[in-house]
Amino acid sequence: MNGTLQIRDHLLNELETGVRTGASLIRLIRSEDWSYRPQENMRSLAELVHHFIQITASDLAIMQEKGEAEVGLVENSLSGTQDIEKLEATLWSNFESYKAYITGLSEDDFLNRSTKAFYMEHGHLQVQWQIETVTHVFHHRSQLYNYLKQQGHELNFFMLYA
């Protein structure tokens, strides 16, 4: 395997770590936690979880140049859902779809194919989108960790890499 595909796979492994450890955090949510909102101008825990779960699906839609309405449907499709098993199944299904797309790209497309999000003036290469998705997942996993910590859950740093 060449270096480009090794880097792609390392990024996918990191993304999977974020998804796996995010799923373990989601499994800790109690029914009374869902409405928690640290400040009025921030997402509730339920909104954050839904956003986190949909990152790979919405980022994939953006990478594939779907329009604002279609991306919005993806992002809002879990609204009202608090069933942990359904949420976790959706998280993994979204990740697998994203992974299939990334691994299905030729090396040339991965490095050189540019696509433009509906909200941007210029496009990004697929490799750039992959890096964006990894950072996006880890950003919101960190928020999820902090929300749960603020709700009194016993958490430790090591669970983010288990």
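Positive end of the charge dipole of the chain (Lys, Arg +1 and Asp, Glu -1 on Cβ, about the Cα centre): tell me which of Y161, L5, Q150 has its Cα farthest that way. Sorting the options by dipole projection puts first Q150.
Considering only alpha-carbon pairs that sit under 8 angstrom and 6 or more positions apart, the relative contact order computed for the chain is 34 percent. In this view, the solvent-accessible surface of F118, computed with a 1.4 Å probe and all protein chains in place, comes to about 80 Å².
Summarising the label geometry, the points placed 7 Å from Cα in the beta-carbon direction at I131 and R37 lie 3.6 nm from one another. Of all aspartates and glutamates in the structure, those lying under 13 Å Cα to Cα from K116, and not within fewer than 8 positions of it along the same chain, are D59, E65, E68.
Given a 1.4 Å probe and the protein chains as shown, D59 ends up with an accessible area of around 10 Å².
Positive end of the dipole of the chain (Cβ unit charges, origin at the Cα centre): among F52, Q130, T103, the Cα lying farthest that way belongs to F52.
Taking the Cα centre of the chain as reference, the dipole from Cβ charges on Lys and Arg (+1) and Asp and Glu (-1) amounts to some 320 debye. Helix screen, the chain: DSSP H segments with Cα axial length of 15 Å or more and mean Kyte-Doolittle hydropathy at least -1.0 are 3-26, 45-63, 84-104, 126-150.
Label sites at L28 and A162, each approximated as a point 7 angstrom past Cα along Cα to Cβ, lie 0.9 nm apart. The residues of region 1-154 expose on average 51 square angstrom of accessible surface per residue, using a 1.4 Å probe on protein heavy atoms. Using a probe radius of 1.4 angstrom, the carbon and sulfur fraction of the accessible surface of the chain is 49%. Here the calculated FRET efficiency for Q150 and H10, from their Cβ-Cβ distance with R0 = 22 Å, stands at 0.10, rounded to the nearest 0.05. The Cβ shell under 11 Å around K99 holds other residues with a net charge of -2, Lys and Arg each +1, Asp and Glu each -1.
Remark: relative contact order (region 1-89) = 24 percent; criterion is Cα-Cα distance under 8 angstrom and separation of 6 or more residues. Here is the size of region 26-162 from its Cα atoms: Rg then Dmax, 16.1, 49 Å. Sites listed here are trypsin sites (Lys or Arg not before Pro) in region 56-125 whose DSSP assignment is loop and whose Cβ has at most 11 other Cβ atoms within 10 Å, and the list is empty. From the square roots a ≥ b ≥ c of the eigenvalues of the alpha-carbon gyration tensor of region 98-162, which class results: rounded (a/c under 1.5), prolate (a/b over b/c), or oblate? Cα axes put region 98-162 in the prolate bin. For A100 and K86, the difference between the fully extended length at 0.36 nm per residue and the C-alpha to C-alpha distance is 2.9 nm.
The values are calculated or read from the model by the stated rules, or taken from the named source; none is laboratory data. All values reported here derive from a predicted model rather than from experimental measurement. Because the Cβ atoms are built from the backbone with ideal geometry, glycine has one as well, and the counts that use them run over all protein chains shown. Accessible surface is based on the protein model in full, side chains and every heavy atom, while ligands, DNA and RNA are left aside. Shrake-Rupley method; radii C 1.70, N 1.55, O 1.52, S 1.80 Å.
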